[in-house]
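I have placed the structure first, in the form of structure tokens, so that the comments after it can refer back to it.
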Amino acid sequence: MASKLVDMTVSLAVPDVLVARAQAGDEEALEALYRAFEAPVYNLVRRMLRRPEDAEDVLQETFLEVVRNIKQYRGEGYLWGWVRKIASTKALMRIRRDQVRATEELDDEPGKPGMHVGANIDLERAFEQLSETSRAVVWLHDVEGYTHEEIAEQMGKSVSFSKSQLARAHARLRRMLDEGATA
């Protein structure tokens, strides 16, 4: 995982000519787009998903969709915005699928005890303690800059759902960080 996490100062702008070549089916151009967006897409979905394997799968699913649909990209805004939307949607679909599976599997299992947060907690560890849904909302809103309306649309939920998930997640993060600071 560490090899994929890179400095996000890398430029996400790609030349229009490269996009046009990709839209024409040029395999070298498609490969160049993959190389340009591989790390940012992985970093985005890894923050939303618990397991690196899931992030790898969503990375691949994202680029399969990019290759299949690059001709539909109309050049409105940056290509990164279009790719980012595909990636975040794929990650949210993975979260939903996993939640359905987990619900089905937990029908016969006793409840899982609460997670203990150690004395030396940091934000990253606290973030990992959030549910995937809460983590996705926090990441999309606070880091990626999505509005509650955009998050609600992507998740198939209401704006109030997005706002309440964010508020609860912030409260939980504050509580965990406060517990870590006083322990």
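A few remarks follow.
- Using a Förster distance of 35 Å, the FRET efficiency for residue 60-residue 178 (Cβ separation, nearest 0.05): 0.35
- Applying 1/(1 + (r/R0)^6) with r as the Cβ-Cβ distance of residue 159 and residue 20 and R0 = 41 angstrom yields a FRET efficiency of 0.65.
- For region 25-97, the fraction of C-alpha pairs more than 20 angstrom apart is 25%.
Any read-out appearing in this document is the output of simple, stated calculations on the displayed coordinates, not a laboratory observation. Note that the coordinates shown come from a computational prediction; the quantities given were computed from them, not determined experimentally. Using ideal geometry, Cβ is built from the backbone for each residue, glycine included, and neighbour counts are taken over all protein chains shown.
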